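So the structure is just underneath, and the comments pick up after that.
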Amino acid sequence: MTKPSDRSRKPISSFFGEHGPILGLLCLAALLRLDGIAFGLPALNDPDEPLFMMLAYGMLERGSPDPQWFGHPGTVTLYCLALIMGAVAVLGIASGRFSGIEDFAQAVYLDPAIVILPARLFVAANGVACVFLTYLVARRLWGRGAGLVAASVLAVNAVHIGWSQVIRTDVQASLFMQLCVLAAIRIHGSGGVRSHVLAGIFAGLACATKWPAAIIFLNPLAASLDRLRQGRGERKGLVLLLLMPGVSLLAASPFLLISYDVVLGDLAGEARPVHPGSTGFGLVGNLGWYLAGPLLLSFGWLGLPLALAGALGAAVRSRPFLVAVCPAFLAFLLSISMQSLVWERWLVPLLPFLALGFAWAAVTIVGLTVARWRLIVSLGLAAALALPMLQATHARSIERRNDTRQIASAWIRANVPPGSTILVEHAALDLLQGPWKIIFPLGSAGCVDAREMLGSQISAGDVQERRRGTPIVDLAHVDSEKLATCRADFAVLTRFDRYQAERRRFPTEHARYVSLTQAGRLLWMAAAREGVAGGPEVRILALGPRATGPSRSSR
């Protein structure tokens with residue numbers, strides 16, 4: 001006779017036997033994405049994080065769901081950020097931390113970490129969900145073993161981890177793209193109107209999160225057409241598939257239609273042919289930059305060739321992969337390689353695809369070996385891939401924790417006398433509580449007092465208006481008539497090296513920095529070092545009579 005305790009233990013052990021490996025991988029993915037997630041705070045090292053949070057706060061302040069910005073378009077992400085910010089405000093007021101909405105707003109502008117950290121945690125959760133979805137896709141295509149391999153690759157990928165810690169749209173858009181891929185595989189395998197509808201909904205949500213993600217629609221479309229070609233398709237499903245992305249897009253972001261003039265203006269502002277530090281090299285050059293740069297860094301010398309070979313092999317041997325997965329991702333790679341700019345974050349949606357390729361290659365290699373050697377081959381492949389990937393992940397984590405901008409702030413706190421005026425080019429909110437006047441370049445407004453700007457709760461619209469369509473906010477883009485407002489005792493420059501590297505493309509901007517550096521005295525400089533410190537090259541200059549301090553360099 002079986003004891004009740006035995007019956008209760010069996011389902012539990014069975015559950016962990018089946019789901020334990022993927023749960024362990026998801027825990028690993030979460031730990032890696034939480035490691036160092038508070039980097040920089042209260043300073044904001046990523047220039048787009050404050051923009052997204054100001055846009056989200058603006059909706060709450062106006063009591064309107066209109067984001068009034070559609071550059072990415074980012075609507076789904078902005079709505080999520082607004083909900084997070086509202087939840088933080090409600091909890092803070094209920095607990096007595098804030099006396100009311102005005103007190104909450106003032107606290108957030110002085111210490112954005114109050115809302116930035118919860119928002120980063122939300123993005124990290126999206127990153128972990130992407131790992132799980134990659135597991136589901138690979139498992140549906142080639143079985144549980146392939147699913148675990150694909151999930152492990154994405155879980156430890158340095159590029160995916162890094163962008164899962166920043167408030168941007170890329171990771172959330174990738175999540176919707178993977179959901180669309182799952183629906184596309186179901187369409188190809190078993191059809192069904194429901195799968196067509198879901199695929200269309202997810203394609204629309206992906207587009208409402210980031211414009212280029214709309215390309216994922218190619219996967220369910222190809223899957224549905226392939227079933228029709230085989231005489232197994234549903235015309236009703238195809239019709240709904242064609243209709244649902246537009247319906248889903250407008251349901252998630254109705255102001256795309258209502259405020260179409262703003263949409264056109266924001267799209268024009270995003271379509272820039274050049275950007276200091278990120279200007280592209282043409283189709284072949286951009287493709288080479290992605291392959292030899294961030295992809296090689298994050299996958300390693302063995303992992304990247306295996307992933308590419310595996311993707312090619314899977315496309316030849318697995319029709320569901322060829323039809324329901326490959327079209328959109330290959331088109332996406334071609335699309336980003338054809339752009340005028342190159343950004344590492346644009347690779348985020350491609351990382352699950354490469355993880356699938358590696359999973360197919362690994363499972364195939366193990367399957368070709370003699371049974372008694374399969375465990376050894378599996379462990380060898382895992383170690384050969386995981387060690388360089390984990391090394392890259394660890395190095396980037398250290399670099400984020402030791403950013404040159406925070407190192408510069410520490411130098412300022414130790415060496416700059418009270419009462420000095422300091423010009424900074426990045427959002428150095430970690431200096432606002434110090435005994436200095438901090439001024440910040442803001443396009444047509446000149447250099448503005450950072451405390452006054454934040455105290456007045458400047459909006460994203462104000463920032464965009466004063467930028468006047470310039471690619472970044474820095475000293476090079478301050479109106480010439482307003483340069484007098486930028487007089488300071490010290491200057492903290494974080495953009496000079498970019499213009500120095502591209503001085504032929506940006507001669508006017510470079511000349512402004514050269515003029516400033518010649519008029520001042522270099523006190524301190526720090527540059528990124530692989531595995532030691534990250535961030536841009538930072539220079540601290542003495543410009544005025546109060547600017548006296550030790551001269552030294554950190555490299």
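The values are calculated or read from the model by the stated rules, or taken from the named source; none is laboratory data. All values derive from a computational prediction rather than experimental measurement. Don't worry about glycine lacking a Cβ; one is built from the backbone with ideal geometry, like all the others, and counts go over all protein chains shown.
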Check your understanding: Any idea which of 274, 377 is surrounded by fewer than 18 Cβ atoms within 10 Å (Cβ to Cβ), touching a residue at least 60 places away in the same chain (Cβ under 8 Å) and outside the structural domain of residue 496 (by TED's automatic domain parsing)?
Key -> 274
Exercise for review: Scan the stretch 74-101 and report the pairs whose first residue is free of Cβ contacts under 8 Å to residues at least 12 places away in the same chain and whose second residue is part of a loop (DSSP other than H, G, I, E, B), with Cβ atoms within less than 9 Å and a gap of 6+ or a chain change.
Suggested key: 91/97; 93/99; 93/100
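Residue by residue, here is whether (1) closer than 24 Å to residue 344 by Cα; (2) of a type in the set (A, V, I, L, M, F, W, C); (3) touching a Gly at 6+ places or on another chain (Cβ under 7 Å) holds:
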site: 167; (1), (2), (3): yes, yes, no
site: 197; (1), (2), (3): no, yes, no
site: 205; (1), (2), (3): yes, yes, no
site: 242; (1), (2), (3): no, yes, no
site: 248; (1), (2), (3): no, no, yes
Revision key, fill the gap. Counting only residues that are surrounded by fewer than 18 Cβ atoms within 10 Å (Cβ to Cβ) and small (Gly, Ala, Ser), the stretch 456-514 contains a total of 8
Exercise for review: Report whether or not residue 372 is more than 27 Å from residue 532 (Cα to Cα) and in contact with a Leu (Cβ under 8 Å, 6 or more places away or on another chain).
Suggested key: no
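Out of the stretch 278-291, which residues are among the small types (Gly, Ala, Ser) and under 20 Å from the mean Cα position of the chain (by Cα)?
Correct list: 278, 280.
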Check your understanding: Which residues, counting only those in the stretch 399-410, are hydrophobic (A, V, I, L, M, F, W, C) and surrounded by fewer than 20 Cβ atoms within 10 Å (Cβ to Cβ)?
Key -> 407, 410
Practice item. From 224, 174, grab the single residue that is touching a residue at least 12 places away in the same chain (Cβ under 8 Å), touching a Gly at 6+ places or on another chain (Cβ under 8 Å), of a type in the set (Ser, Thr, Tyr) and part of a helix (DSSP H, G or I). Key: 224
Point to revise | Residue satisfying condition, being at pLDDT below 95 and of a type in the set (A, V, I, L, M), within set 287, 267 | key: 267
**Study point:** Subset of the stretch 40-77 [in a strand (DSSP E or B) and surrounded by fewer than 24 Cβ atoms within 10 Å (Cβ to Cβ)]
**Key:** 44
Review point. For the subset of the stretch 305-348 comprising residues that are part of a helix (DSSP H, G or I) and of a type in the set (S, T, N, Q), which member is nearest to residue 184 (Cα to Cα)?
Key: 335
Check your understanding: Restricting the stretch 331-361 to residues that are under 19 Å from residue 181 (Cα atoms) and touching a His at 6+ places or on another chain (Cβ under 7 Å), which is surrounded by the most Cβ atoms within 10 Å (Cβ to Cβ)?
Key -> 348
Study note, to complete from the structure: Selection from the stretch 477-499 of residues free of Cβ contacts under 8 Å to residues at least 40 places away in the same chain and either basic (Lys, Arg) or assigned to a helix (DSSP H, G or I) (or both) yields 477, 480, 481, 482, 483, 484
**Study point:** Residue that is farthest from residue 170 (Cα to Cα) [pool: residues in the stretch 313-328 that are free of Cβ contacts under 8 Å to residues at least 40 places away in the same chain and in contact with a Leu (Cβ under 8 Å, 6 or more places away or on another chain)]
**Key:** 316
**Study point:** Selection status of residue 310, assigned by TED's automatic domain parsing to the domain that holds residue 227 and closer than 21 Å to residue 182 by Cα
**Key:** yes
Exercise for review: Of all residues in the stretch 126-172, count the ones that are among the polar types (S, T, N, Q) and over 21 Å from residue 391 (Cβ atoms).
Suggested key: 4
Check your understanding: Any residue at all in the stretch 247-257 that is closer than 30 Å to residue 358 by Cα and among the aliphatic types (A, V, I, L, M)?
Key -> no
Review point. Looking at (1) at pLDDT 95 or above; (2) in a helix (DSSP H, G or I); (3) within 27 Å of residue 208 (Cα to Cα), which is the only condition residue 37 fails?
Key: (2)
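Within the stretch 187-204, is even one residue touching a residue at least 24 places away in the same chain (Cβ under 8 Å), in the same structural domain as residue 137 (by TED's automatic domain parsing), crowded, with 24+ Cβ neighbours inside 10 Å and in contact with a strand residue (DSSP E or B) (Cβ under 7 Å, 6 or more places away or on another chain)?
no
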Point to revise | From 316, 366, residue being exposed (fewer than 15 other Cβ atoms within 10 Å of the Cβ) and either modelled with pLDDT of 95 or more or over 22 Å from residue 163 (Cα atoms) (or both) | key: 316
Study note, to complete from the structure: residue 513 vs (1) at pLDDT 90 or above; (2) not in a helix (DSSP H, G or I): all pass except (2)
Review point. Where residues in the stretch 422-471 are over 26 Å from the mean Cα position of the chain (by Cα) and among the hydroxyl-bearing types (Ser, Thr, Tyr), which of them is farthest from residue 39 (Cα to Cα)?
Key: 444
Practice item. Go through the residues of the stretch 282-304 one by one and say whether even a single one is over 21 Å from residue 175 (Cα atoms), outside any helix (DSSP H, G or I), touching a Gly at 6+ places or on another chain (Cβ under 9 Å) and of a type in the set (Phe, Trp, Tyr). Key: no
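Those residues that are buried (at least 18 other Cβ atoms within 10 Å of the Cβ) and in a helix (DSSP H, G or I), I need them from the stretch 91-112; list them, please. Working first, answer last.
Narrowing the stretch 91-112 to residues buried (at least 18 other Cβ atoms within 10 Å of the Cβ): 92, 98, 104, 108-109, 112.
Scanning the stretch 91-112 gives 92, 104, 108, 109.
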